[in-house]
1. Here's a check for you: in segment 395-405, which residue that is of a type outside the set (S, T, Y) and either modelled with pLDDT under 95 or part of a helix (DSSP H, G or I) (or both) is surrounded by the fewest Cβ atoms within 10 Å (Cβ to Cβ)?
2. Tally time: how many residues in segment 308-323 are farther than 10 Å from Y121 by Cβ and either β-branched (V, I, T) or within 13 Å of the ligand (Cβ to nearest atom) (or both)?
3. Mind listing whichever residues of segment 243-275 are closer than 25 Å to A316 by Cα, of a type in the set (A, V, I, L, M, F, W, C) and more than 16 Å from the chain's Cα centre (by Cα)?
4. If I ask for residues that are in contact with a helix residue (DSSP H, G or I) (Cβ under 6 Å, 6 or more places away or on another chain), assigned to a helix (DSSP H, G or I) and within 16 Å of the ligand (Cβ to nearest atom), which ones from segment 268-307 would you list?
5. Which number in (1) free of Cβ contacts under 8 Å to residues at least 60 places away in the same chain; (2) in contact with a Cys (Cβ under 6 Å, 6 or more places away or on another chain); (3) not basic (K, R) marks the one condition that D313 misses?
6. If we scan segment 447-459, do we find a residue that is closer than 20 Å to E348 by Cα, crowded, with 17+ Cβ neighbours inside 10 Å and modelled with pLDDT of 50 or more?
7. Of the residues that make up segment 326-337, is at least one within 16 Å of the ligand (Cβ to nearest atom) and not small (G, A, S)?
8. Condition first: of a type in the set (S, T, Y) and within 16 Å of the ligand (Cβ to nearest atom). Now tell me which residues in segment 165-211 satisfy that.
Amino acid sequence: MSAAAVTAGAELQAFAAELYPICRSITGAGVRKTLQLINRRIELDWHEVPSGTKVFDWEVPLEWNIKDAWVSDPDGRRVVDFNAHNLHILNYSEPVNTVLPLGELKARLYSIPAHEDWIPYRTSYYRRQWGFCMRHRELLKLRQGKYQVVVDSSLAPGSLTYAECVLPGRAREEVLFFTHICHPSLANDNTSGMAIATALAAWIAGAPRRYSYRLVFAPGTIGSLCWLQRNQRRLGRVRHGLVLGLLGDPAPFTYKRSRRGDCEIDRVAEYVTRDIDPQARVIPFEPYGYDERQFCSPGFNLPIGRLTRSVNDGYAEYHSSADNLTLVSASQLEQSFEACKQLVEVLESNRRYINLSPKGEPRLGKRGLYGAVGGRSPADRERAMLWVLNQSDGSASLLDIAQRSGMGFPAISLVADELEKAALLRVADETEPTRTFAISASRKRALSQPRNEAQSRSTRRKRPDLRSTRRRK
Ligand code: ZN
């Protein structure tokens, strides 16, 4: 791996480490603190959804915040202390201050008998209760007697917070990335996803793009449902999407297909992950997992897949204190980031073309299209051109051609550019330009002409309509 790659991985790891200690939940100060850290790196639009808001079949719960929590034994010694690890509290525990015997307390304690030194991660968002999570080894040591329990938390009307980074491109069609931001100190699940989505947004913003990009940072389940509810009228713009999470552990990539199963994102993700690592797995859609469950519910059925390394519940440390920063290496994060970048590159240039000289092979030599370029042999370049010309009847995408020819996508994409410049190809599937819905007919005519770079750049800077409830930080 190059020095630059190690640096990018180290940066991702450092950001994951910065996010790791925060006590997050589906609402409250931890989520906002997390978004503030992300907002230092990329520009976010903030949204607050008030407690009690109906969201399809769900409702935004009361906002949860916590200051302190502990259990002390009959000698007054703290045997469980939220300050030592924020997984010790059952997430969303209601406030309590009471004394009770060990027998009653035990019904409120969670541990993992198979891993005595790990603290489990447990939540109770929609059933009001309190509880503690602890190492099984410590639980076994508790003696009979009266225990004091204090949970200094609050459950009060407030709001659910989510944020998004919107990066307009030449087309109004969007690529959506979603990552969940509700887990407290768990590194792979999901500081890895947050760090990579943040870095990806910064990287996408660094160049003009064909598609518009939207990176959503929201609590799991209720957060994606809030986003879906507030964006229902624009869901037709979502051309491709990916849920990101679990991207730092040592397992090879797992790509989970969209519910449709045959979307462009399914093919591109399979190609890119296997190109980077032949061990990469592709699994069919199932209605269990992360927020793809919502995006791919039958009422939406969006072209959205999921990229992880391990799958949720598919590694021993999952939802325990052993999912810590030692599980997440710089090189694994770097490789996952690379996969996301390559995925964007392929989506950006994966077009269908029409051969404008389809009767016989066009003479490449008289157009100056022979000769080594970029270190490739003339034979490979010519072969790639012949493949693109032969297959470009408007039905095959460049990815189809890369796979049929066995040549890499970058080589196929590069010669397609050259052939288009030489007027031997034209694009068959131009995407809809940004904001055509809001502009005059004459401007529409102007936009339908080939546009120069300056026009593209100025269009990129325009931000789309945003909801009245959003708040800019
Ligand atoms: Zn999780």
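The values are calculated or read from the model by the stated rules, or taken from the named source; none is laboratory data. From a predicted model like this one, the values you see are computed outputs, not experimental measurements. Backbone-built Cβ (ideal geometry, glycine too); neighbour counts: all protein chains shown.
1. Filtering first and then ranking leaves R404.
2. Qualifying residue count for the region: 8.
3. A251
4. Q294
5. The number of the failed condition is (2).
6. No, the conditions are met nowhere in segment 447-459.
7. Within segment 326-337 (the criterion being within 16 Å of the ligand (Cβ to nearest atom) and not small (G, A, S)), the answer is yes, since at least one residue qualifies.
8. The answer is T179, S185, T191, S192.
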